[in-house]
Each structure stands twice: as C-alpha cells, then as structure tokens.
C-alpha cells in the first residue's frame, strides 16, 4: 500500500495530520463503533412484536405455546427460516434467544457427550484444535479459549478461507475437529464463500472422523445491494459428498427483529439433530414458544422476512455508503489504507499499514472514538501484522457515524505518516 | 401399613377390586397425571403478558431492552424476586426461560471451569458424586446421569434430608461435591426444610472444598394454605457459617406466569455470581430483556406476585383437596396406602405397599390412566422398595382428575390385595 513520498511531501502531510488530530481531540467527541448492534430505528421496525401474540396462545398445530414442551421449536417459525438458512424444516430447530448460545452448547455437548462419528468425548482427548479463518469473529475465538481449544489461523481469500491450507490442515491433523465459518457477508470482512469453497469444505478428507463445520450464517438475509448474494447449500453438499454429519448450521433473528429478544436456529443432519435434541432434553423442557409464535405472526413467511430486511437495508445502506464515501475522500490515494465494500452484513474491515492498527485505535480512543480493539479479529487477540481494524457502522446515527469515520481517517493519516517518517 | 385380614375378608376385597378394575378398564379412559404442568386456566391468569410490553421498550434505567447486553438481567425484575427467593438483589441474576437450564449450565461450568474454592475442574476428577434426597425430582437425577455424576440416595424426613446421613457422607468423601434440594414444598413429597436443616446444611463440614448445595426453590411462592411456609435463608446461613460460596439458588416463574415463556433466576455469593457471569459472558450477549420487562410490568412488585399466586391457589387448591378426599374415601383404613397432604407445590406422593408401585402404574396405564413411571422419584429410576408413586394433579380438569384418582385407587386396591393374597 505504500507510495514513495519525498521527505518534504511527507513532512507536509504529517504536519497536516497532526493539526487535524489536534482539532479532532479538541472536539470532545464520544463516539462508539465497537459492536455490531442494531440502531434503535432498526429495532423500531419490529415494534409490532412488543404487543404480540396478543390474545392468541395456540400454535398452528394446536399446541398451547404457554406451556412446557416442544423441544424442536414451533413448526410455523421453522418453516419461515428453513429456506433462509438452507436447512430442510425437519432438520431445523428453533431455540432460545441466541445463536452464540447454540454454538457454545454444541461445543459443550461435543466435549461432554460423544458426537455422531466420534470415537470419544472431546474432553477425553489430549488436544482439540479449530481452524479460524482470519480476520474473524472475536466471540468464536473466545469460545475456543474458554474451552482450551487450540486455534489455528487460516488466511481468508475473496472466496472464503484459503482451501488449500484448510485441506492440508484437516487431512494431516486428527486433533483438528472444527472450523469457524461466517459464510455470507463474513464478520468482519464481508466475504461470501464461493460455490467451490462450499463444495471443497463438504468434500475434503478430514483426519478426524468427527470434524464439524460451525457454519454461523448470521447474515443470511442481511443484504445491502439489489443483488442479494446466494451461497451454496452446505448441508446438501455435505450429504452429497458422503459427509452428512459434517455441518452445524446456526442463525438467528437477532439482527432481523430484536437483538437479544429474537429466536435462534440450529440445523444439521438428522443424526446431529437427534444428538442435540437428546442433550437438550436433559437441559430444558422446551424453548420460549410464545416468542416463537410472536415471531411467526410478525414475519408471516419467507417473503415477510425479505420485505422486513429491505426496510433494514434502507436504514443501514446509507451508513455503509457514508463509510465508503468518507474513507475514499480522506484516505483514497494516500496508500495508507484499504477497506472492504461489503454487499451485506454488519462490518467494514479497514486495513492499515503493518504495525499501525493498535496505534490508530489508541489515538482514536484518545480523541473520543472507541473502536473494537485491534487484534480482536484474530485468535488470542493477536493480529501478527497489526493491520486490521473492524468498523461497525450500524449503531450510531448517520451524523455521529460520519464524524467518527472522519476522525478515524485523521488517526490513520497521523499514525501512517508518523510511521513513514520513522 | 398392612392390616391382618382373614382369608375370607381378603378374598371379598380382592373380588370387589377385580370387578372395579374391570369396570374401570371398560370405561376407555385417557387421562394423564404424569407431569407438573400448569392447567390452561392457570396460564390464562397471565393473559396480559401476551400483549406486553406494548409500546414500551426501555427499562427503568433507560436500557433499550430490545438490544444486546445486560447479562445480569433487568434490575426491576430482580428486585421483585429478591425477596421471594431470599437472595440480595445484587447477587440475583435474571436469565432465560428455564431454571433447569441454569442448573445444567452450573454443572457444565463446574465441570469445565474451576469453581471458586475448587482445586481443579470437576471433569479432571476421577469421581464426582451428588447426594440425592429421595424421593426427589427426576430431572435432577437425569442431569447427574448425563454427566456421569454418581448419585447417592439420602432418605427424606419431615424436616428435609436426614442430616445425620448428609453430614456423615459429605465429611468423609471428598468426591461428594453437591446435594440436590427442593427446600419448600419439595418435589414430590411436599416437605419444607426446617430451620435446623437449613442451618446444618450451611454449617456442616465438607471434605470437598468446592461442595455446592443446588437449592432448587421451584415452589417458593406456590402456597396451598392460608399459612404460607417460610423457610430459613440459606444464603445468609452459609455466609454466617463461614461457607459463603456453598449455595446455588435457583427459581423461575414457570409455574407463576407461563411454563417455558417465563424467566429463571440464579442467586449465590458474590464470588459465585461473578464466576457464573464470566462463564455466561462467553456464551451469550444477554438474556431476553423484553420478556423480563414484560414480567416486571405484569407482576409489578412482590405484592403483585403474592396476589397472583393467590389466584393460582384458587385454581389448584380444589384439585389437591379432591385428591386427598378421594384417596381418603377409597383407600383410608385399608392399610394399602399413605399419601402426603402438601401445603404447597405441585405434587402428592402416594406410598403403596413395597413391591407394588410399578404394578399399580402398569395397571393404571392399561386402564387409560398414565402416571409418572414408578421409580422416577429415585436415582437411576430405581426405587428399591418399589413403593413411591408421584401424583401431579395440576393439569387435568377437576372432573378428569377425580376420575383418574378414583381409578388409581382401584388399581392400588387390586394390586395391594393381590399381593396379600399371594
């Protein structure tokens, strides 16, 4: 990314960046770009949820949703999301309010019960490792750390994880039991897995007989353009390749309806679903079916989800456009930064010169702009190049967001030119 | 319980029982007394919940309940239940829809993380055992089985578990890491722990430094008489005895508002709460705060809970009275049965002659009356005396319940007299 500059030119640019930073710091900002939270206006789109299911308390099949039971979740809601998540309705469970919980619990159950195809419980094995395409989602990495699961970074490409690396690692090391994937509009770099990537993930030879793909399809319906991206159907590809039990599919309505008061989903092969249900049956007498009915009534059907997500896009789109516009205006041609232009999802990844990310985040914080910690996109919080910054544009208002991105650009110029000046 | 009968008298009674059973079987009943589920009329009492929080989406402190965050749960709801569950509000968490989940997850975290006071994770230990007062709750036992935790039965007395036995077992065996307790209106025998039992549980010497009391206060507010039972405050007793981290307190609104769409609670010492929150922080970005706000608005305060539970009692009381009345009329003086007369909770325990419980349940099922499997009240489903039957009167309508208890009494006479006749 570097451009050759004369010493004079560099000094001038550094001088201007220092002055701009001084101005920025003097403005007493208090802005937050840390997390992918929906903005209040987005949550307002689901206002109707707050007074549903009103007088109704039976599901389509006559089940009283106010009482115990129904571990697999309400059929009418699973029918709405089967297509969205590319899981046959009979293999899709509707659960609690968080897909992260389902990922956590899937790990717990794999550690403490024998997975279909496994030789023993994971907790009995010397070493367990997961592949972590980077940059990635810090909460996935936190789960691995919490359970002592070793993380092996794998570079991302424009088509998903570098499959040559993935195929080599899973073939040679039986301790590699899983891979984290956010296959559509990935967190944080907005990558959509190509059909070839999906096919190779489904078909690759793994040394571990109980290898699992943790397919966190968090942004399945979260498009930002007129051309919604479709990814290949992983569950079907796994079944076709003779590896039917390889994929765990996760999703939720957290960024569709309400964040924390939505419904999460788990989809997999019949054997895996049976295994999860058997474990869940010990843990729970059933999910909150009232909330599931509420969601089914509000969203109605797959078309209802699409229409609702268009309203979300109308609110989110201008924010992503503002980020792209300001970064281009402030950093375009400087050679100091590259950034993603995602077609969906919740994040923009900003790449700064090696060794600059932490310092940019520190300077921004000092000027009142809080960013996700540099390194959070990498296992153990360690970005070896110290170059990746995750921008979460959804929560702030448009004007605040513009101020924050302008300020961030100032910090990138300051730190970048300081580095070049030595 | 046996009474000496002449051979003739016995033959006459057996004859009549056989005829009554034939009549019963001929009626084609289909009745279910298996589980402690609220009846639809009980759920109707919370109808208002189904259209709350209506237009409101902020908590008392201004938190937007529709967004992520707030792991400890909504303060205003914790304030309502702090007194009910005898936990200081700062040590009480409001969580998801199920206290069983919280018990499961507490075991998981103890297995996979180091508990305050523990030397290692439970999963690293050769053997883990829990004391199980019997009769007890089958779902507690199922959790132990699922995690390979050995269950050691302890007899119940009218004041709670036999504390002499408990004290001996926990003092001599460091593998004994916990005890299951339903301290008020216990499942299934309706026992309320005496103050002395609570004090001894709090103060006893345990060989395990990380011993925990799993205090499942499921029926804290579920009274059936004009004199609500108050039990001693276990958390305070543990703190006073110098064992502040000994108790995990669980509760929920499952049998207050809606079963499966309510809110569950966890209370403990500051150190345990911090430990649970740290583990939960990896698992979740927060509970369903909309449902918590909904509950806080509906129940209002501790008085609101009391008033609501009086309405529940008005529906449940007549069912428990019917059970007592019919059992007395049909089995009183026969020497074939004893039964509990609980002052609250959800169950009646029927004790039949040794060796008869399974056969009574089998005969009842053949006549269309489904009961909780005999043995379910004991670890591994094994009641060594084969004498305990749990009756759950809440769900059926009054008339159905009466038919079912009358039929059950017929089966007790049939099986009991058959046994006496040899």
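Each value in this text was obtained by applying a stated rule to the coordinates, not by laboratory testing. Predicted, not measured: the structure shown is a model, and the values here were computed from it. Glycine also receives a Cβ, built like all others from the backbone with ideal geometry; neighbour counts cover every protein chain displayed.
A few points about this structure:
- Stokes-Einstein D (µm²/s) once Rh is taken as the Kirkwood radius of segment A:337-413 over alpha-carbon pairs, at 4 °C in 1.567 mPa s: 103 µm²/s
- Helix B:75-85 and the long axis of chain B differ in direction by around 40°, with both axes built from C-alpha atoms.
- Rounded if a/c under 1.5, otherwise prolate or oblate - segment A:195-264, Cα gyration tensor axes: oblate
- Neighbour counts of C-beta atoms inside 10 Å place A:144, B:132 in the sequence A:144, B:132, starting with the fewest.
- When the square roots of the Cα gyration tensor eigenvalues are ordered a ≥ b ≥ c, the ratio a/c for segment A:203-323 is 1.5 or more and a/b does not exceed b/c, which makes its shape oblate.
- Angle between chain B longest axis and helix B:289-299 axis [Cα atoms, degrees, rounded to 10]: 60 degrees
- What the pair-distance distribution of segment A:270-414 shows, using all Cα-Cα distances binned every 5 Å from zero, is 2, 8, 14, 15, 13, 10, 9, 10, 9, 7, 3, 0 percent.
- Beta bridges per DSSP with both ends in segment A:51-300, % antiparallel, nearest 5: 35 percent
- Beta bridges per DSSP with both ends in the protein assembly as shown, % antiparallel, nearest 5: 45 percent
- Placing a label point 7 Å from Cα along the Cα-to-Cβ axis, residue A:300 is separated from the same position in the other copies by 3.8 nm, shortest listed first.
- Likely footprinting exposure, A:184, B:274, fewest C-beta neighbours within 10 Å first: B:274, A:184
- Fewest-first ordering of A:63, B:257 by other beta carbons within 10 Å of each residue's beta carbon gives A:63, B:257.
- Gyration tensor (alpha-carbon) shape descriptor, the protein assembly as shown, a/c threshold 1.5: prolate
- Helix A:163-172 axis, angle to chain A major axis (alpha carbon atoms, nearest 10°): 50 degrees
- Kirkwood Rh and Cα Rg combined as Rg/Rh, segment B:51-300: 0.96
- Each copy carries a label point for residue A:55 at 7 Å from Cα along the beta-carbon vector; from one copy to the others these points are 2.2 nm apart, nearest first.
- Relative to the other identical copies, residue B:32 shows label-point distances of 4.6 nm, where the label point lies 7 Å from Cα along the Cβ direction and values run shortest first.
- Chain A: most fluctuating residue of A:54, A:82, A:296 per GNM, C-alpha cutoff 10 Å: A:54
- Antiparallel DSSP beta bridges within chain A, as percent of all bridges there, nearest 5: 45 percent
- Across chain B, the convex hull enclosing all Cα atoms gives 139 Å³ per residue.
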